[in-house]
Every structure is written in C-alpha cells, then in structure tokens.
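The values are calculated or read from the model by the stated rules, or taken from the named source; none is laboratory data. The model shown is predicted, which means the values in this text are computed figures rather than measured ones. For neighbour counting, all protein chains shown are included, and Cβ atoms are generated from backbone atoms with ideal geometry for every residue, glycine included.
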Amino acid sequence: MSADQTIPQIHPLAEQQETAFFAGVLRQRNLLLASENVALKQRIANFEETEKTLQAQIEHLQEQLAEAAEVHHGNPT
C-alpha cells in the first residue's frame, strides 16, 4: 500500500444504520409471517365450521336412513 492511500474509515452511524436496516427487514418478515398466520387461523376456523355442518348433515341423513329402514321392514316408529 502506498503512503498516499488512506484506510477507509467506518462512519460512526454506519452500524446504527445497518442495525436499523436489518431490524426493518426482520420486522417486515415478521409482519408477513403474522399475516400468513392470521389467514391460516381463519382458514382453520372455516374448515372447522364446515366440518360441524357436514357432521350435522351426516347425522341427519343417518337418522332419515334409520327411519326409512324401520318403515321398510315394517317397524314404523
């Protein structure tokens, strides 16, 4: 290295700016993950509600089938 070349100096605020930048990146990533989490929880809630509805329909159809079988076999309720 020649005598007229200088060693680059790191500005005192550079580390703070870098830290702030990475904090912003992490915050953005966390917000995206949190948004995805909320959406997935809503989908789960919707699936659970659909499951309840379908289960109720199954039970109703099973009752109707049992009643029809009793009538068909001469055992009216």
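Of everything in segment 5-22 that is surrounded by fewer than 10 Cβ atoms within 10 Å (Cβ to Cβ) and among the aliphatic types (A, V, I, L, M), the residue that is farthest from the chain's Cα centre (by Cα) is Ile7.
For segment 23-38, the criterion of a residue being assigned to a helix (DSSP H, G or I), more than 28 Å from the chain's Cα centre (by Cα) and among the small types (Gly, Ala, Ser) is satisfied by no position.
Confirm whether Gln28 is at pLDDT below 95 and surrounded by 10 or more Cβ atoms within 10 Å (Cβ to Cβ).
Numbers: at pLDDT below 95: no; surrounded by 10 or more Cβ atoms within 10 Å (Cβ to Cβ): yes.
Against the criterion (at pLDDT below 95 and surrounded by 10 or more Cβ atoms within 10 Å (Cβ to Cβ)), Gln28 does not qualify.
Contact annotation: no residue pair with Cβ atoms under 8 Å, 6 or more positions apart or on different chains, pairs a residue in segment 48-64 that is free of Cβ contacts under 8 Å to residues at least 60 places away in the same chain with a partner that is in a helix (DSSP H, G or I).
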